[in-house]
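A quick write-up on the structure given underneath.
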Amino acid sequence: MKPRRYILLLDAAINFILGLLLIAYTPRLARILGVPVVESGFYPNILGGIFIGIALALIIEAFKKSLDTSGLGLLGAICINLCGAAVLLFWLILGNLDLPPRGTIFLWSLDMLLIVLSSAELVHHFRSGR
């Protein structure tokens, strides 16, 4: 394997582990790790989903045949958006967030926008043959 691939995979592993820790966030886990405790796991969980999306995007980048690209590209954006949207969807369905109506409308709208946008990007990606 080329050094670039090792670096990307190490970065992906770190992002994935951090993402899992953030998705598994509890005040008890925060105290064990010695990090600040927050009342709700909502924001740590969302950030965990984003980190997992970044990890997946890095893995895709590491195994691409053409290494003359910069950034993570369309597939990277899709991974990040879908992972963040999946965690947000989980919270909206099971999180008992006790939000005012405007918060509920805002978060559901944001989640659906991310899912629709990522789906459109995915369709475009496969139709363009890349």
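The values are calculated or read from the model by the stated rules, or taken from the named source; none is laboratory data. All values reported here derive from a predicted model rather than from experimental measurement. A quick note on method: Cβ atoms are made from the backbone with ideal geometry, for glycine too, and the neighbour counts reach across all protein chains shown.
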Quick check on the stretch 61-74: of everything there that is at pLDDT below 85 and aliphatic (A, V, I, L, M), which residue is farthest from Leu113 (Cα to Cα)?
Leu67
Count of the stretch 7-45 residues which are surrounded by 20 or more Cβ atoms within 10 Å (Cβ to Cβ) and of a type in the set (A, V, I, L, M, F, W, C)
3
If only one of Ile23, Ile17 is under 21 Å from Leu97 (Cβ atoms) and at pLDDT 95 or above, which one is it?
Ile23
Considering the stretch 75-130 alone, what residues qualify as being in a loop (DSSP other than H, G, I, E, B) and not charged (D, E, K, R)?
Gly95, Asn96, Leu97, Leu99, Pro100, Ser128, Gly129
Could you tell me which residue of the stretch 69-110 is surrounded by the fewest Cβ atoms within 10 Å (Cβ to Cβ), considering only residues that are over 23 Å from His125 (Cα atoms) and of a type in the set (S, T, N, Q)?
Asn96
What do you reckon, is Leu58 at pLDDT 95 or above, assigned to a helix (DSSP H, G or I) and crowded, with 17+ Cβ neighbours inside 10 Å?
no
Would a scan of the stretch 29-42 turn up a residue that is of a type in the set (S, T, N, Q), in a helix (DSSP H, G or I) and under 24 Å from Met112 (Cα atoms)?
no
Considering the stretch 78-101 alone, what residues qualify as being small (Gly, Ala, Ser) and farther than 18 Å from Val116 by Cβ?
Gly95
